[in-house]
Amino acid sequence: MREPIRWVQTNLRQTDASLDPSRLVSQLADMKANVLLQGMGGIVAYYPTKVEFHYPSPDLPPGRDMFGDVLRQAHAHHIRVVGRFDFSKTQKAVFDAHPEWFFRQANGQPVIYNGLYSTCINGGYYRVQAMKILTEALEKYDVDGLFFNMFGNQSRDYSGRPVGLCHCDVCKRLYREQFHKEIPDTPDDDYRRFMFRSSREVAAAIGALIRARRPQAGYFNYIQESTDGIMSESNTAIDRPLPLWPYSASDNVNRARNSEPGKMAVNLNMQFVDFWWRFATVPRQEIALRSWQNLAHGGALTFEVNGTLDLQDRQALEEAKPIFQWAAANQQYYVGESSAARVLLLGAPAGTGRTYDQNSYRGMFRLLSEEHVPFAVSDNLDWMGKRSFDVVIATDWAPAALRSYAEAGGKVLIASAVPPEFDVAPVERTERDIKGYIRVRDHAAFPSLRDTDLLLLNGPFTTVKSSAVPTLTLIPPSMIGPPEFIHIDMHDTDTPALVSASIGKGTVIWIPWNLGALYYRLSLPAHAGLFRDLFDRLDPARQIRTDAHPLIEMSLMHQGSRTLLHLINLTGHSETGYFPPVPMQAIHIRIAGDFHSAKTVRSPGTLPLEAASGYTAFTIPKLEDYELVVLN
Ligand SMILES: [Zn+2]
């Protein structure tokens, strides 16, 4: 949290145990990385180990200690080393000696993948043996941190084959004790709670061990509890539904930094396309985009490869390297940042076991970004009321806590057919899938919809009662064919498609349909216009006013007494491609507040300022991939 982080992960193979430590460290030093995450132990050890059931790589040359050599040389170059462990699988010899430590499918069979046997998070390998392995590692090496992969029983193997839930004796007994029933065939809410609890117990035990043996070392895995950092990945997989999510790194880092502000966000920038093609890299501009997004939201700069840095496709590395070098040269700006955003977008309902509509969330994320509204994402409701916001936005999930927030004077925008967990308007019913329209009844209320009387409506819709004269109303489905009959039976209703309520000193606007999900899928300007007009009603004094292109992403951050405005050019993204961004010129910006100086860092320059009724105005002469404006 006190130093800028430039983090490289080498996902070493067992054959890399013979790598040349000085070559790897000189490559990292040349790149200006200051953290190396590399394989240490678990499935194979990269150092001589004396612990039973822990095996050095067969490719570790006799008498060599590759991990120790890398650690020593990295430290000599002021590069921190985080050791990677994976306890989710191990060798047959361990299974033969302790079959009770292992994952059992419903039919009693173990899970075997490329000769390795899957362990169970509740078994003795994780609970006892792993602690012995880690104790040796922590006593032997002055590591700066430990990272754990695959924490918790996976229900699919790397090839995507479903293996179901673990039915080992320990799981069966614990599940019966805790839930008074048998383990289900597919995970339900109770089973998810069981796995959550199981993985958190092991996470806490490992955390306690690390803190006792190496109090200065960081603790990382993909779990938020007990750890020192919030890990996530920006990655791809070929069977994911389109569209791609070009805001992946912003989403992960914004959410992590604003959900757990006391922890650093380490969003790994994964170079490969999918598990089957770990040596093929994603487009190099995708690597660049994620890098700038990691930095712009106050996270660590990261880069991940499989194997060593001697790659068979070097495009991603060659893209990342100059960005790391540039970030090192300007590192005073990439530490101690916190969000200056005055708008909060609620993320996932963390820890509730409830699923949520990601499309609604992502559509709202895009709307805010394209409107250049700085916003913080948080999953953590403990935030409410502790940091002030001008507007809180909920998509899909509007928790009861928003009521007291509104009562105290807060402004809330809800865009979801799911009724809020507090009374905004009397709810009659929710239709699951409607193919109708929304009628604009009052054009004066929606200046962006001057040329639009009808908005497309698809998906769920909740009918509410309201005594106010509605400004937007529902048009139910009508005939769609043949063309001679199109909508000739269309009829208007008085059913409101928007309700507004005063709660205490505050205001709640509820759009009882999934505006965000529609925008995510269709990108219709009418939906964006509706959002813009409603947002302006709630927050007429925006933090940023600009003529920037919608695909210029901006983040506004505090850093000590400075304010930092980051601009990222997303115009290179189209369909499944990431190309060099289209350069932009003369971006006019007004930022709320009085600033006496502004300078650009990526294209070094000083910007003339003009004070304009509570705002400071300036022009950014040009934007290529990224720009940082430092305001004092
Ligand atoms: Zn089990």
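The values are calculated or read from the model by the stated rules, or taken from the named source; none is laboratory data. In this text, all values refer to a predicted model and were calculated from it rather than measured experimentally. Neighbour counts are summed over all protein chains in view; Cβ atoms, including those assigned to glycine, are modelled from backbone coordinates with ideal geometry.
Some points to look at:
- In the condition set (1) more than 21 Å from Glu421 (Cβ to Cβ); (2) surrounded by fewer than 18 Cβ atoms within 10 Å (Cβ to Cβ); (3) not charged (D, E, K, R), Gly504 is compliant with all but (1).
- Taking the criterion of being under 30 Å from Asp188 (Cβ atoms) and modelled with pLDDT of 95 or more, the only residue of region 306-357 that qualifies is Leu345.
- Answer from Arg545, Arg521 - the residue that is at pLDDT 95 or above, within 30 Å of Leu628 (Cα to Cα), among the basic types (Lys, Arg) and in contact with a strand residue (DSSP E or B) (Cβ under 9 Å, 6 or more places away or on another chain): Arg545
- Here Ser232 fits the description: touching a residue at least 24 places away in the same chain (Cβ under 8 Å), within 26 Å of Leu345 (Cβ to Cβ), outside any helix (DSSP H, G or I) and away from the ligand (no atom under 16 Å from the Cβ).
- Residue in region 465-494 that is surrounded by the fewest Cβ atoms within 10 Å (Cβ to Cβ), counting only those that are within 23 Å of Ser448 (Cα to Cα) and among the acidic types (Asp, Glu): Asp494
- The residue that is farthest from Tyr615 (Cα to Cα), counting only those in region 548-567 that are among the aliphatic types (A, V, I, L, M) and out of contact with any helix residue (DSSP H, G or I) (no Cβ under 7 Å at 6 or more places or on another chain), is Leu551.
- Listed by first and then second residue, the pairs linking a residue in region 71-92 that is on the phi > 0 side of the Ramachandran plot to a residue that is assigned to a helix (DSSP H, G or I), with Cβ atoms under 9 Å apart and 6 or more places separating them unless they lie on different chains, are His78/Ala29.
Listed here are the residues, each with its yes/no results for (1) assigned to a strand (DSSP E or B); (2) touching a Leu at 6+ places or on another chain (Cβ under 9 Å).
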{"position": "Leu24", "(1), (2)": "no, yes"}
{"position": "Asp30", "(1), (2)": "no, no"}
{"position": "Val82", "(1), (2)": "yes, yes"}
{"position": "Ser118", "(1), (2)": "yes, no"}
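- Any hit, region 118-128, residues being surrounded by 15 or more Cβ atoms within 10 Å (Cβ to Cβ), away from the ligand (no atom under 16 Å from the Cβ) and among the small types (Gly, Ala, Ser): no
- Those strands (runs of 3 or more DSSP E) of region 548-632 in which 2 or more residues are modelled with pLDDT of 95 or more, in contact with a Lys or Arg (Cβ under 8 Å, 6 or more places away or on another chain) and closer than 17 Å to Gln293 by Cα occupy 626-631.
- Whichever residue in region 149-206 is assigned to a helix (DSSP H, G or I) and aromatic (Phe, Trp, Tyr) and, among such residues, is nearest to Ile133 (Cα to Cα): Phe196
- Filtered by the rule that a residue be in a loop (DSSP other than H, G, I, E, B) and among the polar types (S, T, N, Q), region 295-354 gives Thr308, Gln312, Asn330, Thr352.
- Scanning region 313-371 for residues that are hydroxyl-bearing (Ser, Thr, Tyr) and buried (at least 16 other Cβ atoms within 10 Å of the Cβ) yields Tyr333, Tyr334, Ser339, Tyr356, Ser360, Tyr361, Ser369.
- Lone qualifier among Phe87, Phe103, Phe95 - being within 15 Å of the ligand (Cβ to nearest atom), aromatic (Phe, Trp, Tyr), at pLDDT 95 or above and more than 33 Å from the chain's Cα centre (by Cα): Phe95
- Conditions (1) out of contact with any helix residue (DSSP H, G or I) (no Cβ under 8 Å at 6 or more places or on another chain); (2) modelled with pLDDT of 95 or more; (3) hydroxyl-bearing (Ser, Thr, Tyr): number failed by Tyr222: (2)
- Check on His491, assigned to a strand (DSSP E or B), modelled with pLDDT of 95 or more, out of contact with any helix residue (DSSP H, G or I) (no Cβ under 9 Å at 6 or more places or on another chain) and not hydrophobic (A, V, I, L, M, F, W, C): no
Listed here are the residues, each with its yes/no results for (1) within 15 Å of the ligand (Cβ to nearest atom); (2) farther than 26 Å from Tyr219 by Cα; (3) under 30 Å from the mean Cα position of the chain (by Cα); (4) without any contact (Cβ under 8 Å) to a residue 40 or more places away in the chain.
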residue: Met150; (1), (2), (3), (4): yes, no, yes, no
residue: Asn153; (1), (2), (3), (4): yes, no, yes, no
residue: Asp157; (1), (2), (3), (4): no, no, yes, no
residue: Pro162; (1), (2), (3), (4): no, yes, yes, yes
residue: Leu165; (1), (2), (3), (4): yes, yes, yes, no
residue: Cys168; (1), (2), (3), (4): yes, yes, no, no
residue: Asp188; (1), (2), (3), (4): no, yes, yes, yes
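- Checking Ala45 against (1) out of contact with any Leu (no Cβ under 8 Å at 6 or more places or on another chain); (2) of a type in the set (Gly, Ala, Ser); (3) more than 16 Å from the ligand (Cβ to nearest atom), the condition it does not meet: (1)
- Residue that is within 12 Å of the ligand (Cβ to nearest atom) and not hydrophobic (A, V, I, L, M, F, W, C), where the choices are Lys132, Lys140, Lys181, Lys172: Lys172
- Hey, Tyr219 of a type in the set (Phe, Trp, Tyr) and touching an Asp or Glu at 6+ places or on another chain (Cβ under 6 Å) or not: yes
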